[in-house]
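One structure is given here, and the rest of the page talks about it.
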Amino acid sequence: MRKLSRWILQRYIFALLISMLAALACRHWVAEPYRVPHGRLQSVLLPGDVILVWKLGYSGGRARPMDGQVVLVRADDSEFKVNVFRVKELRESTVLLGQDGGQTLVREVPHAAVLGKVTRVLYSVEPRHVPASESKSWLSRLRLGRFFQKISS
């Protein structure tokens, strides 16, 4: 009886360790939630919003973001700080980033500095009301509801 309970305990611990490693690997290489640190994209994201960032393929600059996508970029001063920008233009080795719909050029970064594209708003700090006349545009679809808003590009 004692051997059986020890064997069952070992199996549960092994399964728990494997699932924890799989969750950490998914968070590191596939997708990770982030909190928006500033209000550079006020029309789409507010400071404090929780966003889901798709990271698969973006490590090392292999994947290229498209024009108009909202992306997460590593800050210049620290590898642990991040910023959210909209892609204004792609160049051969760099990406031009903008704010507020991509109208204002903010900075130019190498492709490797882009950590991933923002795919969803998991939680918004305040609900956004959109008039019915604007409900067909992609921007208004971002503002509808409070949870699990899809960022289209």
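What follows is calculated from the coordinates using simple rules that are stated; it is not laboratory data. Remember, predicted model here, so these are calculated numbers, not experimental data. Cβ atoms come from the backbone with ideal geometry, glycine included; neighbour counts cover every protein chain shown.
For this structure, a couple of remarks:
- Spatial separation of Cα centroids for the range 104-121 and the range 1-75, in angstrom: 17 Å
- Around Thr94: net Lys/Arg minus Asp/Glu count, Cβ-Cβ under 12 Å: +1
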